[in-house]
Number of protein chains: 4
Amino acid sequence: MEFASDNASSAAPEILAAVTAVNAGAAPSYGADASMARVRALIRETFEAPEAEVYLVATGTAANSLALACHCPPWGAIYAHASAHVDTDECGAPEFYIGGGKIVRIAAPDGKLTPGILKAAIEATPQGFVHSHQRGMVTITNTTEAGTVYSPAEVAALTAIARDHALPVHMDGARFANAVVAADCSPAEMTWKAGIDVLSFGGTKNGCMGVEAVVLFDPAKAWEFELRRKRGGHLFSKHRFLSAQMEAYLTGDLWRRLAARANVRAERLAAGIAAMPEASLLHPREANMVFAYLPRRLHRRLTERGAHYYFWPVDPSAEGPEDEPLAARFVCSWATQETEIDAFLSVIRGRD
Amino acid sequence: MEFASDNASSAAPEILAAVTAVNAGAAPSYGADASMARVRALIRETFEAPEAEVYLVATGTAANSLALACHCPPWGAIYAHASAHVDTDECGAPEFYIGGGKIVRIAAPDGKLTPGILKAAIEATPQGFVHSHQRGMVTITNTTEAGTVYSPAEVAALTAIARDHALPVHMDGARFANAVVAADCSPAEMTWKAGIDVLSFGGTKNGCMGVEAVVLFDPAKAWEFELRRKRGGHLFSKHRFLSAQMEAYLTGDLWRRLAARANVRAERLAAGIAAMPEASLLHPREANMVFAYLPRRLHRRLTERGAHYYFWPVDPSAEGPEDEPLAARFVCSWATQETEIDAFLSVIRGRD
Amino acid sequence: MEFASDNASSAAPEILAAVTAVNAGAAPSYGADASMARVRALIRETFEAPEAEVYLVATGTAANSLALACHCPPWGAIYAHASAHVDTDECGAPEFYIGGGKIVRIAAPDGKLTPGILKAAIEATPQGFVHSHQRGMVTITNTTEAGTVYSPAEVAALTAIARDHALPVHMDGARFANAVVAADCSPAEMTWKAGIDVLSFGGTKNGCMGVEAVVLFDPAKAWEFELRRKRGGHLFSKHRFLSAQMEAYLTGDLWRRLAARANVRAERLAAGIAAMPEASLLHPREANMVFAYLPRRLHRRLTERGAHYYFWPVDPSAEGPEDEPLAARFVCSWATQETEIDAFLSVIRGRD
Amino acid sequence: MEFASDNASSAAPEILAAVTAVNAGAAPSYGADASMARVRALIRETFEAPEAEVYLVATGTAANSLALACHCPPWGAIYAHASAHVDTDECGAPEFYIGGGKIVRIAAPDGKLTPGILKAAIEATPQGFVHSHQRGMVTITNTTEAGTVYSPAEVAALTAIARDHALPVHMDGARFANAVVAADCSPAEMTWKAGIDVLSFGGTKNGCMGVEAVVLFDPAKAWEFELRRKRGGHLFSKHRFLSAQMEAYLTGDLWRRLAARANVRAERLAAGIAAMPEASLLHPREANMVFAYLPRRLHRRLTERGAHYYFWPVDPSAEGPEDEPLAARFVCSWATQETEIDAFLSVIRGRD
């Protein structure tokens, strides 16, 4: 019963097979490998974006930070949801790469910005006033940190606000695949057709070993990206091991198939939890994550039975009423088994 | 005939097998995996350093930059050989991570600093003069960029100078294994016993896919290192894939065995070249790299026969006398075959 | 009727006289001037702190940023009131000097942190969790941005919380003189005796031309401060022109006398406003600033009569009900005349 | 006998008078003062550059660093003479403001780059090679650090090389006035007509208290400059005290008159030294600085008689032959008296 994070999951067999296959013989280093050329073609095809440029890094923090740094000056304000990973979980990496920047944390329900809330936040930054940060850019996360999903139309409504203020928009797509599957749309519809300028397209959480693609829909940023990647120490010498993962991930829609599996598992889990009278969901379940309140005693029983997942802000092992509802996050991955879901539901139903 | 770089080589079978094996099932992320615990124990054992701390990153640039940033303030001068990778080949990554720093390029023969030259360079930085950079730290590269090797005694003589000026010393060991094998010493003798404070211990060029260990002989820097690594985007979520490589590399002295193979190949190549009247070596061949002058016509023939390697500063395809001696670098790796060496020598001997 | 800011005021005659006097003949540069030696002695005497170190810069932004940078690592969170100048009015200068940092904006009434609110904010930053910023330092502003004043006892209560969490505390004293006069205490009581580690001691707003002293109660930070000041371009070559201002400011308690004058003016202004039925104060008037609601029609009349001051967020020239109460800030300085106050009060009382 | 530096000199009476005059009454802050508007007009007139933008800061380090930061990306190489102040005397301030950058130190006689040497240095940076710094910009110093002066034609020859490589050019004019007087040209001829993009126009060393103008001949950089200045803490609140200095400096060609006085003094000093058989000049005397070899015994006698100036690398108080020629720098300022020169010459002629 592993629900701690999708990054605790193993790599999918297709990914491992690709890494093994690419290992044969010598290969040009630093991204000049043949597999990277195929990745470039596959990304352009997948996103219907023949001009797009794509670069690979090994971590989501690197992908986000480099993408932001190419689009935001050191004095720029970055408008983000208050739960955004770039603000809460990257130890200041975006600001380090930007050489400044200020993340404006915007509270909004269910992890999702709305056009009105975003507009108000942007306009709260005075225009052309040298004493404060300047309006810099917008970043949205899809799948959000609350497990919800922006539809292409919702994305377009946000980027329209950004465009009205001449701001570029980044999408943190650490769980992009789960969002596209949930929204049942094309990658192009979810990104550039909806006004996105740059995407962090996650592989790691969804069955890869460690690879993220940064897709620049504005190829004018390509050389700057390459320089920033190198300066950040993120250019792999044996680059083929990144390329091979991404190539396999993009081939035959593996990325969608893996994400679909994770989403289906989460759907089953959410349905099971929601059916319990003493439990409730914090946010709608839309992709591969479930946020729920369970009474303290159920958390304790789950922990005893070996379930792994995160609670916050209160640890159920702390003193408190047995029936106090405490929040938790349950993440499913491509590797989550239906039997794990069922075992979990058995525990909370008191049958185990 | 692949002599371009050891980073063009594939991963050794033991490394790939370890990566495959570690993939089974879920594993804690961000370095809490069981393999990383074993890596820590293996490093301490290998280096006879029970207090040392070790962290993994995927690139040499990251290893060097983070190691330097933990030991040098933003206003520090970093004393390095003029050929040092940190100065010439990292697009300013060390300065980016340090948030400043100034690399003092020191010319010296065969890629090796000497105590006298180092002392003069340090003392040329005025002490306590607020207008200039301050004396910050020393970094030496072993195997050097000229393919030569510092012996433990030579390292100790340099660190003694640094210690006299209260400066810490970093070793860029992208090719540390080749140096240890060449010097026929223990890792401890080459590092902390000779006064090294922090080591970038390379795996990538020597048969891994992409992993470098930063070994901190002063564990007081550990937490700062972790924070800097995270901020740099170099903390892997699926960390086990780094750990497994390093664990296999350290097990059964694989790292020494792979390096020994590369060194032996380079020895054969150097001997063959040196025996040619129209060729000569630029630097003594001591590890896995050979630097040699060959006449332009031989470079051209080699290129026609498919040999890969770097020439500089002059490309032999440029116009010039047929017999003009032009410099080149030939790198052997764990994967270089004896047949490749022999084919190469056949070409330059005019037998092919 | 000049109430826009104390930084619109001229320099006091004593300051100008000192600058004129110090100009005679040659003088050593970069802080080695005789006047600076006297400043050092005067600061130590004024603050009863014989070990303290002091450095001069020309702007408050430089003073704050350098002071913070010497006490906070790049990954540190800086706990500050949501109205703090370092967050809202310095275009990211603190983060630029720190090379990172994250200002945690804490809302609290009347511009003043309380121990409970500060403690909660600090403890909301997880301890030792590599993914987030780390607890770094605390900064408090006295006189606050709301014109209120922390008493020494209130400062001590805040620094006690900081000390419990091993965090240093900075005081932004751009209007330190006004606060000390208002609290009727000694500079030592307001600072190191109350647990302050480093003070930005403002001169500019209180009758100087442009000088701020950074007082380091922990002299161990002195050399780092000097280096950061130089690197920031804030070390004056003709330093005597800074020294002379600060020397005159400290001599004969000029700094207290100038601040007392400003506070008295503000008191008269606040009393006059508070006596009007259609006006009200936003915050208690404690030093040299008055925050008040006035109906739109009075703002308009004041503007017509030539009064200068800031309104926000709403400009009274915008459409709206004549009687709508709109907020404004009125700042008095050492140079504010009683006649200006009386003219102002005449206008709002409808007698002019 | 004060020859240590022109920054040890006092402010000219016209400057002090202007500062005193500008002090009357309240004035808008942060550069909105009336004097600054006049400075802008005067700069445009003086430089025959109606589009130019100008900003004031208080130190040369700030002027240079901000000017460079607006024209060079973090990964840019900055081509400079090896003696350039930005490299040797600013403790890394340019790199701090640029957020990176790498100063390429170019050796050349008498402190002056030549087109051939500059071209070779630029072309030694590989083009479009992601592993190294990229060609960023050129900075030249006029008056040079060796006291020599580039003529407009020489400047134009250097900027032509830069332009061929699409690089902007900065002039560090800490002693710009001395150079213009020496070259007997117009400010326009020395700058934008000769291809300069941005100028640090020094006032401090030449009779001001502390003010430097950054003149942007490309006004497109203006807003970025303002933001960088604010972020650096270099925007003065009581800005009128900077403006008034610069306004007086530009009025009635005061800047040229003060520089002419300094140059004439240095000419007399150099002639006197050159006439001595046991002395010799290191560099041609062209502006207000004299570099000369004197025998150790003369240095000692000068020191005894109270002369102030810099020797390097050897201090004459160190043991050594009485007649050993040791180098020194003698700087004249607007305030240097003819009697000081004559007293100096008397000492070295043995008449005192």
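The numbers here are math on the coordinates, done by the rules we state, and not lab data. What you see is a predicted model; the values in this text were computed from it and never measured. For neighbour counting, all protein chains shown are included, and Cβ atoms are generated from backbone atoms with ideal geometry for every residue, glycine included.
Return the calculated 222 nm mean residue ellipticity for chain C, to the nearest 500 deg cm²/dmol, obtained by summing -39500 (n - 2.57) across DSSP H runs with n ≥ 4 and dividing by the residue count. Before the final figure, lay out each step's value.
Values: 14 runs with 140 residues, N = 352.
Theoretical 222 nm ellipticity from helices: -11500 deg cm²/dmol.
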What residues have an amide H closer than 5 Å to that of residue C:280, excluding those fewer than 5 places away on the same chain, when H is modeled at 1.01 Å from N in the peptide plane? C:293
Place a point 7 Å from the Cα of residue D:279 in the direction of its beta carbon; the residues of region D:1-45 whose amide N falls under 15 Å from it are D:1-4
Please report, largest first and rounded to whole Å, the three semi-axes of the ellipsoid equivalent to region C:268-308, where each semi-axis is the square root of five times an eigenvalue of the C-alpha gyration tensor. 18, 12, 8
Averaged over C:238-247, number of beta-carbon atoms from partner chains that fall within 10 Å: 3
Percent antiparallel among DSSP beta bridges with both residues in the protein assembly as shown, to the nearest 5? 55 percent
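Within a 10 angstrom radius of each residue's Cβ in B:221-228, how many Cβ atoms of other chains show up on average? Whole number is fine.
Values: counts 0, 0, 3, 3, 0, 4, 11, 5.
If you average over the peptide's residues, the count of other-chain Cβ atoms is 3.
Tell me, what does the Kirkwood hydrodynamic radius of region C:45-162 come to in angstroms if you use every pair of distinct C-alpha atoms?
On the way: mean 1/r = 0.0664 Å⁻¹.
Computed over region C:45-162, the radius equals 15.1 Å.
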Hey, can you grab everything whose amide H is under 5 Å from the amide H of residue A:150? Only 5+ residues off in sequence or another chain; H modelled, so Pro and N-termini drop out. A:144
Quick one: Debye curve from the alpha-carbon atoms of region C:105-181 only, equal weights, vacuum; give me log10 I(q)/I(0) at q = 0.17, 0.19 Å⁻¹ to two decimals. -0.65, -0.79
Apply the Karplus parameterisation 6.51 cos²θ - 1.76 cosθ + 1.60, with θ equal to phi minus 60°, to every residue of region D:76-85 and state each ³J(HN,Hα) to the nearest whole Hz, in sequence, with x for glycine and proline. x, 8, 10, 8, 8, 5, 4, 8, 4, 3
At 7 Å along the Cα-to-beta-carbon direction for both residue C:24 and residue B:114, put a label point, then send me their distance in nm to one decimal. 5.9 nm
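With Kirkwood's inverse mean 1/r over C-alpha pairs for Rh, give me the Rg to Rh ratio of the protein assembly as shown, two decimals please.
Rg divided by Rh gives 0.98.
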Give me the distance in nm between label points sitting 7 Å out from Cα along the Cα-to-Cβ direction at residue A:153 and residue D:160, one decimal. 6.5 nm
Give me a comma-separated list of calculated 3J(HN,Hα) values for region A:312-323, in order, Karplus coefficients 6.51, -1.76, 1.60 applied at θ = phi - 60°, integers in Hz, x for any Gly or Pro. 6, x, 10, 7, x, 6, 5, 4, x, x, 4, 9
Determine ³J(HN,Hα), in whole Hz, for all residues of region D:191-198 in sequence, where each value follows from phi through the Karplus function 6.51 cos²θ - 1.76 cosθ + 1.60 and θ = phi - 60°; x replaces Gly and Pro. 10, 5, 5, 9, x, 6, 8, 8
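With viscosity set to 0.692 mPa s and temperature to 37 °C, compute the Stokes-Einstein D of region D:12-252, Rh being the Kirkwood radius across alpha carbon pairs; µm²/s, no decimals.
Numbers: Rh = 17.9 Å.
So the translational diffusion coefficient is about 183 µm²/s.
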For region D:255-348, count the residues as N, evaluate 2.2 N^0.38 Å, and divide the Cα radius of gyration by that value, please. 1.05
State the Kirkwood hydrodynamic radius of region D:163-264 in Å, one decimal place, computed from all pairs of distinct Cα atoms. 14.7 Å
Please work out the C-alpha center-to-center distance from region A:7-75 to region C:205-267 and express it in whole Å. 53 Å
Can you give the longest stretch of chain C with no exposed loop site, where a site means GluC sites (Glu not before Pro) in a DSSP loop (not H, G, I, E or B) with at most 14 other C-beta atoms within 10 Å? C:52-277
Counting only residues 5 or more places away or on other chains, whose amide H sits under 5 Å from the amide H of residue D:77 once H atoms are built in the peptide plane? D:102, D:134, D:135, D:136, D:137
Links exceeding 31 Å between C-alpha atoms in this model, out of B:221/C:112; B:119/B:193; A:102/A:221; C:230/D:112, come to B:221/C:112
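Quick one: in region B:310-352, what % of C-alpha pairs are over 15 Å apart? Show your work: numbers first, answer last.
On the way: 523 of 903 pairs.
Taking all Cα-Cα pairs of region B:310-352, the fraction more than 15 Å apart is 58 percent.
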Which one of B:82, B:210, B:31 has its Cα pushed farthest toward the positive end of the charge dipole of chain B, where Lys and Arg give +1 and Asp and Glu give -1 at the Cβ? B:31
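What share of the DSSP beta bridges in region C:12-252 is antiparallel, in percent to the nearest 5? Display every interim value, and only then the final one.
Values: 10 of 27 bridges.
In region C:12-252, DSSP labels about 35 percent of beta bridges as antiparallel.
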Considering only D:317, D:65, D:35, give the residue with the highest GNM mean-square fluctuation for chain D, with springs between Cα atoms whenever their separation is below 10 Å. D:317
Loop-located trypsin sites (Lys or Arg not before Pro) in region D:250-352 whose Cβ has at most 11 other Cβ within 10 Å (DSSP): D:351
Pull out the extension gain between residue A:223 and residue A:184, defined as 0.36 nm times the separation in residues minus the alpha carbon to alpha carbon distance; nm, one decimal. 10.7 nm
Under DSSP H, which helices of chain C have Cα atoms covering 27 Å or more of the helix axis and a Kyte-Doolittle average no less than 0.0? C:254-274
